1. Of a type in the set (Gly, Ala, Ser) and at pLDDT below 95: which single residue out of C:ALA168, C:ALA209, C:ALA183 fits that description?
2. Of the conditions (1) in contact with a Gly (Cβ under 9 Å, 6 or more places away or on another chain); (2) farther than 26 Å from A:LEU305 by Cβ; (3) of a type outside the set (D, E, K, R), C:THR58 satisfies every one except a single condition; which number is it?
3. Going through A:ASN124, A:ASN70, A:ASN104 one at a time, which residue ends up being among the polar types (S, T, N, Q) and modelled with pLDDT under 90?
4. Specify which of the listed residues (A:ILE239, A:ILE286) is among the aliphatic types (A, V, I, L, M) and in contact (Cβ under 8 Å) with a residue 24 or more places away in the chain.
5. So which of A:ILE162, A:ILE183 is of a type outside the set (Phe, Trp, Tyr) and surrounded by 20 or more Cβ atoms within 10 Å (Cβ to Cβ)?
6. Taking the stretch C:158-184, which residues are outside any loop (DSSP other than H, G, I, E, B) and surrounded by fewer than 22 Cβ atoms within 10 Å (Cβ to Cβ)?
7. Take the stretch A:280-323 and flag every residue that is hydroxyl-bearing (Ser, Thr, Tyr), within 9 Å of chain B (Cβ to nearest Cβ) and either buried (at least 18 other Cβ atoms within 10 Å of the Cβ) or touching a Gly at 6+ places or on another chain (Cβ under 7 Å) (or both).
Amino acid sequence: MTKPKLAVYWAASCGGCDIAILDIEEKILAVADFFDLAFWPCVADFKYKDVAALDDGAITLTLFNGAIRNDENFAIAELLRRKSVVLCAFGSCASDGGIPGMANFYDRQAIFDYVYGKSPSTVNPDKVYPQPLTKVPEGEVYIPAMWDAVWTLPQVVDVDYIIPGCPPQSDQIAAVVGAVIDILKNGKPLPPKGTVLGATESTCCDECLRQRDVKKIKKFVRPFEIIPDPDLCLMEQGILCVGPATRGGCGAKCVAAGMPCRGCYGMPANVRDQGAKMASALASVIDSTDPEEIDRIVAAIPDPLGTFYRFTLADSLLRRAQA
Amino acid sequence: MTFEPKIIGILCNWCSYTGADLAGTARMKYPANMRSVRVMCSGRVDPGFVFDALAHGADGVLVCGCHPGDCHYVEGNYKCLRRIPLTQRLLQEMGIDPKRLRLEWVSASEGGRFQKIVTEFTEEIRALGPLKLRDMKFDMNRPDRYSLMAEPGDKEHTY
Amino acid sequence: MKSITIDPITRLEGHGKIHLFVNDDGSLANCYFQVPELRGFEIFARGRPVEEMARITTRICGVCPDAHHMAAAKAADAVYGAQLPPAAVKLRNLVYNAFFAGDHATHFYALGGPDFVCGPDAPPGERNILGVVAKVGLEAGKKVIAQRAAGQRIIEIIGGKKVHPVTAIPGGMSKRVSKEEQAEMIKLGEQMVEFGKFTIQVLNDVVLANKAYVDMILSDAYAHQTYNMGLVDANNKVNFYDGKVRVVGPDGKEHAKYEPKDYLDYVAEHVEPYSYLKYPYLKKVGWKGFVDGVDSGVYKASPLSRLNVSDGMATPLAQAEYERFYKTLTGDASGKTMVHATLATHWARVVELMYACEATLQQAKDDEITSDKIHNPPQGIVGEGVGIVEAPRGTLTHHYKTDQNGFVTEANLIVGTTNNNAPITMSIKRAAEGLIKKGTPITHGILNRIEMAFRAYDPCFGCATHSLPGEMPLELVIHDARSGDVVDVVCRNC
């Protein structure tokens, strides 16, 4: 009997999701035992042509990490959608755009002008910019055109499940993959389409072990400006923490290590825009009723845009900056 | 043809919506550019409402609530007082003029004030012009599109 | 003219492709190494608080996030003029060595190693971690998993998370280490040192004992006479976390030894239209194209380079191996003669692995790491900072300019593998030239050896706690470039 096929692919990503999968350590043997690998560029030498040669629906499960930011990312997303039964947006980049999504604060021209032009170490007097098609003496070579903005996987193809996190924590991955194997082995039904797997229905605050009290904040400080009390809520000590607007499931490891949450698990359940929700939550805890004082406090919040939308800009309501 | 702004007004039930009603029953004329949405309290106004409105065609958003100290729920409007400046800051950093979002306190008896505010705001937005958000479309039919071999045996480049 | 593309390249850094042009007579006309992606970190860094860059730039690479974390943290320290307490510096060094110990092991056994341990002509099905295990035993596979797990665990203890650590902040670290955690790390360090010794034994038994391999390492097909770059400490010994950048020419003469803040005087980047990745080169020598030699600004930054530019290793077992390395390959144990053989990088990596393991144990035993004085909040701001560390695959430079409040106004990053963009291109071409010859049919062996040329530089990820029956299906489709007709198809496990 043929084993079900597994594919793991990375689009505009960093490889951290692939490492997180491998960090399930000995449990990977159960995975390798149950599935046949069809495609995983990080680890094996299957090429795009091998995927194209498969029948549609030949791959049982695809874990697709990485954002969509060029032609190749999109082409492979479409290809894997056709060839897969279950396609998961794996990790923050595929689900919400992730850190690469911050490029939506700018645009492709801004990136090119700096990287190939104004960067202090770049020497490019002829203003050579990479282009999709280059004529060389021997013929033509090409590279995928970079898009002007970053998109998420669900924005370009139909996605079955979302597994959030940057990366999804390995214990969550083990649980999800284990559940899938169990379902496939025993013929149980899959969860409803669109379910978020490997995360809780609450926020990061629920998993945080720090003591919480009433929040009244008059001044925000940068994480390195003070030595915070290790047992108390960071927000209450004035350190901006995106935990209240972040889906739980990560075990609140960053906060346990003394650093504020930056929202890598994306929107909490039933929230459409993470940054808006964080702004809303923050406004609730600012301790002032005087308009001038409020303006001062708001003006001093360090980088609200880049902090509230660090992982989800591409999936926000406005999706990109306008200027 | 003059540009007719589309404005979303989010009005709290107890003071500002009632104030708007008063303007209506007293037949005080104000521009029809604003569509009203009634919420129980201005503290209910999530920044997401503002982004949603602007992302889907609104050119401006007006939020009205009870005067500080008069909130039916005691503190709700203070939350609004903090949310709106923060939302304006986010808008500005996103490259959208923060003047497209405005917060005003309107009591139940201030029909005239409501008329004045809406008229002013409409003209301000008209002067700012329509909110043109950057195009997010991509053209997959460009000749230089990176093509993936669709079927095995194709004569195209193999990827 | 025929066109052959290998896309995507696999078991290497992120995304890449190779385009080979073959003349009608069967010889190689040219070959192009292309990197098809760009994300724009240097641009969206603008406006971010500089201390957040240590958490943002980890997402440049999820295999070596620790390298970016440290480089960005050091740059942020410089921006704020921070003075770290000694315990914080020790913690950073310890976690960094543990990171190297896990990462280098992964590469040696699962990625580059199989080419080396099993041999370049071994059947594809054997040329992977399973083949290595068959050669050296199942215990080896378990040890590699354990080694990776050990490195990740130490990163979790000190860095907060296994992938994308968070604790390095301007002026120190955000998390203390408890006595229990120290005891755990000492145990892991002991395990690591044993693993380092075991790896050297594997190298001896399987590689060095085989004269054909040694000949291959020394052969011309995989040698490049370029400049070398690496960090050295005050004693000119290899150091991954801190030091000065030393650059030595192919003739053995020192070209530069610079402080991180002066990097722009020495390094520049060239652009080609067919790849998104730029080509760093030595500014004072100049960009002369993809050529070797003392007059070409091309330089390598890799484990081999680091050994070449240093006078030795700071721990005893690694030092012994360093001497053996140079004695075997150059006849001179002092290391004054450079090794130019690309494939020797694998051995250099083992030398570094031994050092990383020994250093991890040594530093874990230092009781000061459990101190509660791990953070000196900085008081002022300088407004600009450069942080340089050695990433496993090359020298990593982070440069930030900020405004008076510490928000980034400009960012410039030169990343580990980027340094080697030109050498990789040259290595691929050299291998392809040597293998794609007039009258020689293109076989599977060619694909293997072309891949080997760049795999020695170490892909940007360590990925193999996991044994896959490496079928490695590879298909080489040769098109006649004029008509587009398929001329030949060579399959391997298709």
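1. Selected residue: C:ALA209, the only one of C:ALA168, C:ALA209, C:ALA183 that is of a type in the set (Gly, Ala, Ser) and at pLDDT below 95.
2. Of (1) in contact with a Gly (Cβ under 9 Å, 6 or more places away or on another chain); (2) farther than 26 Å from A:LEU305 by Cβ; (3) of a type outside the set (D, E, K, R), only one is false for C:THR58: (2).
3. Unique residue meeting the criteria: A:ASN70.
4. Selected residue: A:ILE286, the only one of A:ILE239, A:ILE286 that is among the aliphatic types (A, V, I, L, M) and in contact (Cβ under 8 Å) with a residue 24 or more places away in the chain.
5. After applying the criteria, what remains is A:ILE162.
6. Scanning the stretch C:158-184 gives C:LYS179, C:GLU180, C:GLU181, C:GLN182, C:ALA183, C:GLU184.
7. A:SER280, A:SER288, A:TYR309, A:SER316
Here's the yes/no breakdown for (1) charged (D, E, K, R); (2) at pLDDT 95 or above; (3) crowded, with 21+ Cβ neighbours inside 10 Å; (4) within 26 Å of C:GLU37 (Cβ to Cβ):
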| position | (1), (2), (3), (4) |
| --- | --- |
| A:ILE24 | no, no, yes, no |
| A:PHE35 | no, no, no, no |
| A:PHE39 | no, no, yes, yes |
| A:CYS42 | no, no, yes, yes |
| A:ASP45 | yes, no, yes, yes |
| A:ALA52 | no, no, no, yes |
| A:THR62 | no, yes, yes, yes |
| A:GLU78 | yes, no, no, yes |
| A:ARG81 | yes, yes, no, yes |
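The values are calculated or read from the model by the stated rules, or taken from the named source; none is laboratory data. Only a predicted model underlies this, so the values are computations on that prediction, with no experimental measurement involved. Glycine gets a Cβ as well: all are built from the backbone with ideal geometry, and neighbour counts include every protein chain shown.
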